[in-house]
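Down below is the structure, laid out as structure tokens.
The values are calculated or read from the model by the stated rules, or taken from the named source; none is laboratory data. All of these numbers come straight from a predicted model, not from anything done at the bench. In this analysis, Cβ positions are derived from the backbone assuming ideal geometry, glycine residues included, and neighbour counts consider all displayed protein chains.
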């Protein structure tokens, strides 16, 4: 497990399931979401930690919270300056904070 990101600006704790185990199809989306000015920063301010939550040993799965959304996602508990919530991160690097939230 890689405990911290390597970018000085995006320094935060990466917890839980190893990021390296995310399939290539979604890993770039994860990195984009947590990049400077990415979705995490837009939704939470400066990121303090990110806990990757796999389902059944697989980090990529379909949402069980929003059954209408058939896209494959990664669930991550994000803690930032403006709060903490579980986000769904999509393959393209956008993410949602709750059902009905705009993908950023």
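Give me a count of the residues in the range 49-95 that are closer than 19 Å to residue 28 by Cα and without any contact (Cβ under 8 Å) to a residue 12 or more places away in the chain. Residues flagged as closer than 19 Å to residue 28 by Cα and without any contact (Cβ under 8 Å) to a residue 12 or more places away in the chain within the range 49-95 amount to 2. Residues of the range 63-95 that are modelled with pLDDT of 90 or more, out of contact with any helix residue (DSSP H, G or I) (no Cβ under 8 Å at 6 or more places or on another chain) and more than 17 Å from residue 16 (Cα to Cα): 71 alone.
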